[in-house]
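Here is the structure we will look at.
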Amino acid sequence: MSDNTTGVKFTPFTEKHIALGAKMHEFAGYNMPIEYSGIIDEHLTVCHAVGLFDVSHMGEFWIKGPHALSLLQRITSNNAAVLTPGKIQYTCFPNEEGGIVDDLLIYCYEPEKYLLVVNASNIQKDWDWCVKHNTAGAEMENASDRTAQLAVQGPKAAQLLQELTATDLSAIPYYTFKTGEMAGVKDVIISNTGYTGAGGFELYFYPEYATKIWDAIVEAGVKYGIKPVGLGARDTLRLEMGFCLYGNDLDDTTSPIEAGLGWITKFVDGKDFINRPAIEKQKNEGTLRRLVGFEMIDRGIPRQGYIIVDGNGEQVGTVTSGTMSPTRKVGIGMGYVKPAYAAPGTELYIDVRGRRQKAKIVKPPFRK
């Protein structure tokens, strides 16, 4: 949905956010909540209780029919052939130059029917990419504007949502989903994925049921300490877990191998995905840079674009994501460095506004 006067899109929950006093800002073309009670407070609420996220800005594509799997095997890096109904797979779209068009989730809904969940900032780009390579004639539907999504995240999320559904949430392991009734609404996709590392579920449903589901979750969540959470805390939560963000840690120039995503890049027989030979060569021979995590030794907050240097002041990399960890109270970040500097324990320096601040390479997650 969009505002015809400004061109900015809004979700079915926009009025809720504004009524709750959220700080709103344009993100990926949508008017989205950045924070409500404050990023640190919201972050810690998700870690210790339960937070409610509006993620309706994400994109959803249906890929159906007898040619659906062959299309997915061509355009994605992971092996979609292993998916069975109810399973979810993390994967990416490789491009012809060895970079990544986007990272995404594939839901196997039933044989010959898949749901792709893509990043909000890449909806049109991803749709065009899928259309371009759909030479076999798979059935495609861009359902992004007709799909609402909420993420209920935190250690109390399952207990809260179980009050609203007869579906046994304990029978939905990580990276699986079921379709069931939630808060009196039928045919809700209940998915155990999450982008926070705190546990919880994502709910997909038609926008006309948005108010009913939101209100039911908030009402049931009062005794669990539920709070609405904006994109600011969503970013700090994912960064503490070392989860990549497209546009920061991944883009059209970063290969899956450089980004440490070899585990979702499968070189199985019969899977001729886009640019496979070049990516397979990288896997066998190595790359000129690697995505690493680091934490600050000196006081300082790393930010995207800051330069990473060695002890001699020579540039050896660049920060792609950085923040002050709300749970650790230290600066943390991710960035690409030359392979010689990628080993855990290696000490480097981040150029923070002209001052060299010492940091060391660590293996995420930063929050245990």
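So which trypsin sites (Lys or Arg not before Pro) in region 307-367 are both in a DSSP loop and have at most 11 other Cβ atoms within 10 Å of their Cβ?
K329, R353
A straight Cα-to-Cα reach below 20 Å connects K186 with the aspartates and glutamates D54, E60, E110, D145, E163, D168, E202, E208, D215, E219, residues fewer than 8 places away in its own chain not being considered.
Given Cα pairs under 8 Å that are at least 6 residues apart, what percent is the relative contact order of region 228-328?
Reported as a whole number, the value is 27 percent.
If we count every other residue with Cβ under 13 angstrom of E280's Cβ, Lys/Arg +1 and Asp/Glu -1, where does the sum land? My count for the surroundings of E280 gives +2. Seen from all directions on average, the chain presents a Cα convex hull projection of 18.7 nm². Rounded, prolate or oblate: which fits region 59-143 when a ≥ b ≥ c are the square roots of the eigenvalues of the alpha-carbon gyration tensor, with rounded for a/c under 1.5 and prolate only if a/b beats b/c? It comes out rounded by the Cα gyration axes.
Taking a sphere under 14 Å around the Cβ of V330 and counting the other residues whose Cβ falls inside, with K and R at +1 and D and E at -1, yields a net charge of +4. In terms of its C-alpha gyration tensor, region 281-368 has an oblate overall shape, because the principal axis ratio a/c (a ≥ b ≥ c, square roots of the eigenvalues) is not below 1.5 and a/b does not outweigh b/c. The mean sequence separation of alpha-carbon pairs under 8 Å and at least six residues apart, normalised by the residue count of region 307-348, gives a relative contact order of 36 percent.
When +1 charges are put on Lys and Arg Cβ atoms and -1 charges on Asp and Glu Cβ atoms, the dipole computed for the chain relative to its Cα centre reaches about 1160 debye. Evaluating 6.51 cos²θ - 1.76 cosθ + 1.60 at θ = phi - 60° for every residue in region 283-293, the Karplus couplings come out as 4, 7, 10, x, 10, 8, 7, 9, 7, 10, x Hz, glycine and proline recorded as x. Legend: distances between Cα atoms for K87/K368; K125/K281; K329/K360; K64/K87; K329/K368; pairs beyond 18 Å are K87/K368; K125/K281. Sequence-distant contacts, meaning Cα pairs under 8 Å at least 6 residues apart, place the relative contact order of region 59-143 at 41 percent. Note on K283: lysines with a C-alpha under 22 Å away, same-chain residues under 8 apart excluded, are K266, K271, K338, K363.
Reducing region 286-330 and region 5-34 to their Cα centroids gives an inter-centroid distance of 32 Å. Provide the net charge surrounding A259, with neighbours chosen by a C-beta distance below 13 Å and charges set as Lys +1, Arg +1, Asp -1, Glu -1. Result for the local shell: -3. Overall shape: prolate for region 84-223, with the ratio a/c of the largest to smallest alpha carbon gyration tensor axis at 1.5 or above and a/b above b/c.
Of the residues R234, R74, R299, the one that moves most in a GNM of the chain with alpha-carbon contacts below 10 Å is R299.
Every read-out reported here was derived from the displayed coordinates using simple, explicitly stated rules and does not represent laboratory data. Quantities reported herein were computed from a predicted structural model and do not represent experimental measurements. When we count neighbours, we look across all protein chains shown, and the Cβ atoms used for this are built from the backbone with ideal geometry, even at glycine.
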